[in-house]
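Shown next, in structure tokens, is the structure this report addresses.
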Amino acid sequence: MTARIACFYVPMFPLAARLRSEPELLHEAVAIVEGNGNSAHVVAATRRARTKGIRPGLSLAQARSLLPKLIARGRDAECERTAQEALFEAAETFSPRVEDAGEGVVYVDIAGMNRHYDNELDLARSAMRAADGVGLPARVGIAASKLAARVAAELPKSPTVVDPGKESEFLAPLPLARLTPQLDAASTLRRWGIGSIGELASLPESEVASRLGELGRELHYAARGIDPRPLIPRPLPPDFREGMDLEWPLVALEPFLFIANAALDRLSKRMELQGFACKRLELTMTLEPDGFAARAIDLPAPTRDVKTMLTLLRLDLEKAPPGAPVVGFTLVAHPDRPRRAQLTLFGPAALSPEKLATTIARLVSLLGDGRVGMAMAVDGHLPERYTLGDYAPPPPPTTRPSPEKSRGLLAVRVFRPPIPVEVHTREADGETHIAAIQGEGDLSGSVRTSSGPWRVESSWWTDAPAAREYWDVELEGGGVYRVYQGASTEWFVDARYD
Amino acid sequence: MSVAAPDLDWQFQLLDLHPGRPTPTLVPPPPPVEPGSALDQLRAALDPGVAGKVRSGAELLRRTQNTQPTAIIPTTLAPLDALLGGGLQRGKLVELVSRRAAGRFSIVLSALAAATSMGETAALIDLGDHFDPQLGEANGIDLRRLLWVRPRNVKEAVMSAEMITTTGFQLVVVDVGLHPLRGRRAPDAAWVRLARTAESVGAAMLVSSPYPLTGTASEAVVKGSVARAQWIGRGRSPRLLAGIEMTLTLEKHRHIKAGGRSAVTLLVPEAVESSSRRVAEVPVRTGATLLVDSKTRRPEDSP
């Protein structure tokens, strides 16, 4: 099968990455500058700034003299890294074999994808749309080699498709600068009278190699459209990251959450592209003047719901504020496969795993930890024992069974914690009876009938043994309660029969 | 090869190159249905007492749907199901009110047990944090299908209930605990909104409270009263709690005449597991048996 490579190329990548994080700047005159002080120079500018004469290479002072209202932003390594990651993931939706070439360039092996698209032009247009979906205006070129694909992607009228076997013809009329922008041997070749890629390719390979060494051999290969090394796909990252270096320190929670919301939204979209959901969210904040604050939030179930994740983040930050102004942050989402369920036509309706995960996460954010889940019975003798597990209901039966007939059992309402009461006892016929109990509210009154005691001993082999004597009492005013006397001789009501 | 003929049979005969092959026949058209007879059939499917009261087509349709088993989640407590016309209707909010009389929580657990035994997912919003998983399991609740939520006040309980209902749970039970309630009472509008949510997703909702909370939002209100404890043992012999008996009264129902009463007797697990000899020893005070009493009296039957 003939190799076919698609190249995603984002022009002015530092600017595109910044605009992805701050989309409100898209229609402003913005320049991305590199360096500090007098050495600060423009590396990219928006269309509005370019129409006023702002060009890459100008110093910041020169640029400001041309356009005093120019918005200058420094290069943001975190923004560029996450933008590159997003571009990579967009490319990964087309093929698992993707190479990350950095600085807004990604190569995708698209061999065999003609089954899914009518032609390669359609594929290239889909690729541009996918990159647009993650907020990056990418150009796409398709050719048989990485170099030809990259040169095709750099052309202004995107997408460009180079037919198989026509790479040499495509490259031949282009200037040598297209081959490698930072070409040291350009001046040497110009002295030889060589100005285009085609002229270099027509020279004998051995002659070029003997004069320019290994660099000359590689250049000759490239000029003929042959890659010096094959495409090396990158394995899937173990997590998804989004972050930002802030222009000024943030001291309030709301502005920070506003920016975090946008970052979470981008994270959610990236995970959706891969079919993942977030199971654990980590936040690292860079503090002023120095130091970091990190925290991790374990989600009760994998979810991509931004509102839920933001609420959990808010609760966590309110509980433990960072304690210093925040000048940057990184959000790391650890992915997990969302739960799936097979629905049934004839049985009871099943819950959507995605919706259930979101609901549970929201409930946890509303009520706090340990208040939502599946109740689980625990072995033991003390009545108040219980434990809470993750709620993951089994799939519903394929047919709708009839309900089991109720056993008509009398239930108890457990009081957590038990309520201390004062108990008055009386002796009659050599037996002890409870005459009255005195507590708060309805838990006071004379006892009509009492029954007991039943001794419960538990954990006698541990440091916290429990030895209790239980009684059932019916009050004159109504209500049947379960009371017990502990080892400390104090009395408690631990349940009401209801 | 194609042929044209005025009749379908003729087409097949002309196309058939091999004589003797059976000629395909068309499925005969269904017989014409007279609107009157269809309505009569539907009416005949209803209980005669109900069919006589149906006056409009919409009401007939609703009554017919109510008779379908999937439209109702029974509590499997026969006296309560009889009062509610079969059980908890999907898409409707039923309120169970009882302050002094015991048995309200037992009914809640019975409804949850019935729903989960049918394979439905159910949620218990337990405001008072009263649920005992061991006892729930003994009651027949499939704990794997039960979501246990423990809010801290009424507002959180209502918000949780709304979230859970929209997720698709088929039975949502809000038990607000005992008097006094934790936190301020929710406004009537909150219950109306909750009832509409349940209606829109077709979930059955049961609100268990010490006094009426839901106002006009509820489809039915059942009040529990006159709870009496049943004790095993008499004279000087030691006592053993066997169960309680309570009376349920249908205070309100949008489609069933209010005022119906029935008695329910609930047993402690030990009494159920004990032999029939022990049950026979129970001093029966009201004439009811210790098993679940399914007798239901209409108000006109009562003296």
Open item on the list: How would A:SER206, B:SER117 line up from fewest to most surrounding beta-carbon atoms within 10 angstrom?
Closed with: A:SER206, B:SER117
TODO: Give a quick list of trypsin sites (Lys or Arg not before Pro) in the range A:1-81 that DSSP marks as loop, anything other than H, G, I, E or B, with at most 16 other Cβ atoms within 10 Å.
DONE: A:LYS52, A:LYS69
Open item on the list: Ratio of alpha-carbon Rg to the 2.2 N^0.38 Å globular estimate for chain A, to two decimals, please.
Closed with: 1.51
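Can you list which of the trypsin sites (Lys or Arg not before Pro) found in the range A:287-379 are DSSP loop residues with at most 14 other C-beta atoms within 10 Å? Please report the intermediate quantities before stating the final value.
Values: sites: A:ARG295, A:ARG304, A:LYS307, A:ARG314, A:LYS319, A:ARG339, A:ARG340, A:LYS355, A:ARG362, A:ARG371; in loops: A:ARG304, A:ARG339, A:ARG340, A:ARG371.
Within the range A:287-379, the qualifying trypsin sites (Lys or Arg not before Pro) (loop, at most 14 other Cβ atoms within 10 Å) are A:ARG340.
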TODO: Rank the residues A:GLU469, A:GLU24 as a footprinting-exposure proxy: fewest other Cβ atoms within 10 Å of their Cβ go first.
DONE: A:GLU24, A:GLU469
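For the range A:68-142, which GluC sites (Glu not before Pro) are both in a DSSP coil and crowded by at most 14 other Cβ atoms within 10 Å?
Working: sites: A:GLU78, A:GLU80, A:GLU85, A:GLU89, A:GLU92, A:GLU99, A:GLU103, A:GLU120; in loops: A:GLU103.
Taking the range A:68-142 and a limit of 14 other Cβ atoms within 10 Å, the loop GluC sites (Glu not before Pro) found are A:GLU103.
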Open item on the list: Using amide H atoms built in the peptide plane, which far-off residues or other-chain residues are under 5 Å from B:VAL222 H to H?
Closed with: B:GLU95, B:LEU96, B:VAL97, B:GLU251
- [ ] Show that you can apply the helix-only estimate: for the protein assembly as shown, add -39,500 (n - 2.57) for every DSSP H stretch of four or more residues, divide by all residues, and state [θ] at 222 nm to the nearest 500.
- [x] -9000 deg cm²/dmol
Task: Neighbourhood net charge (15 Å Cβ-Cβ; Lys/Arg +1, Asp/Glu -1) for B:ILE141 - done: -3
Task: the range A:141-279, Cα convex hull volume normalised per residue, Å³ - done: 194
Task: Cα extents of the range A:207-357 along the three principal axes, largest first (Å) - done: 74, 60, 19
Open item on the list: Going Cα to Cα from A:LYS405, which lysines come in below 22 Å? Please leave out same-chain ones fewer than 8 positions away.
Closed with: B:LYS295
Task: Relative exposure of A:TRP248, B:TRP148, A:TRP192, judged by other C-beta atoms within 10 Å (fewest first) - done: A:TRP248, A:TRP192, B:TRP148
- [ ] With everything on Cα atoms, drop me the angle between helix A:205-223 and the longest principal axis of chain A, reported from 0 to 90° to the nearest 10.
- [x] 50
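Using a 10 Å cut-off on Cβ to Cβ distances, tally the other chain neighbours for every residue of A:439-446 and report the average as a whole number.
Details: counts 0, 0, 3, 6, 0, 0, 0, 0.
Mean inter-chain Cβ contacts per residue within 10 Å come to 1.
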Task: Using alpha-carbon coordinates, inclination of helix A:77-92 to the longest axis of chain A, degrees - done: 90
Open item on the list: Quick check: Cα centre of the range A:479-497 to Cα centre of the range A:325-386, how many Å?
Closed with: 34
- [ ] Identify all aspartates and glutamates with a Cα-Cα distance to A:LYS307 below 17 Å; exclude those on the same chain that are fewer than 8 residues away in sequence.
- [x] A:GLU242, A:GLU254, A:ASP265, A:GLU272, A:GLU282, A:ASP298, A:ASP316, A:GLU318, A:GLU354, B:GLU162
TODO: Excluding residues on the same chain fewer than 8 positions from A:LYS69, give the lysines whose Cα lies under 21 Å from its Cα.
DONE: A:LYS52
- [ ] Give the long-range amide H neighbours of B:PHE169: residues separated by 5 or more places, or on another chain, with amide H under 5 Å away, using H modelled in the peptide plane at 1.01 Å from N.
- [x] none
Task: Alpha-carbon spread of the range B:65-171, three principal axes, descending order, Å - done: 38, 32, 26
Task: the range B:133-163 and the range A:249-283: distance between their alpha carbon centers, rounded to Å - done: 31
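Hey, what's the Kirkwood Rh for the range A:93-132 if you take every pair of different alpha carbons, in angstrom? Display every interim value, and only then the final one.
Numbers: mean 1/r = 0.0917 Å⁻¹.
Mean inverse Cα-Cα distance, inverted, gives 10.9 Å.
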TODO: Identify the residues of the range A:119-155 with backbone N under 14 Å of a label point that sits 7 angstrom from the Cα of A:ARG47 along the Cα-to-Cβ direction, or state none.
DONE: A:137-138
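What Kirkwood hydrodynamic radius, in Å, does the range A:258-338 give when the mean of 1/r is taken over all pairs of distinct Cα atoms and then inverted? Intermediate results must be reported in sequence, preceding the final value.
Working: mean 1/r = 0.0772 Å⁻¹.
Computed over Cα pairs of the range A:258-338, the Kirkwood hydrodynamic radius comes out at 12.9 Å.
Other chains near A:416-423: what is the mean number of their Cβ atoms within 10 Å of each residue's Cβ?
On the way: counts 6, 1, 0, 0, 0, 0, 0, 0.
Mean inter-chain Cβ contacts per residue within 10 Å come to 1.
Here, each number is a calculation from the coordinates, and none is a lab measurement. None of these values were measured; they are calculated from a predicted model. Heads up, the Cβs are rebuilt from the backbone with ideal geometry, glycines too, and the neighbour counts pull from every protein chain shown.
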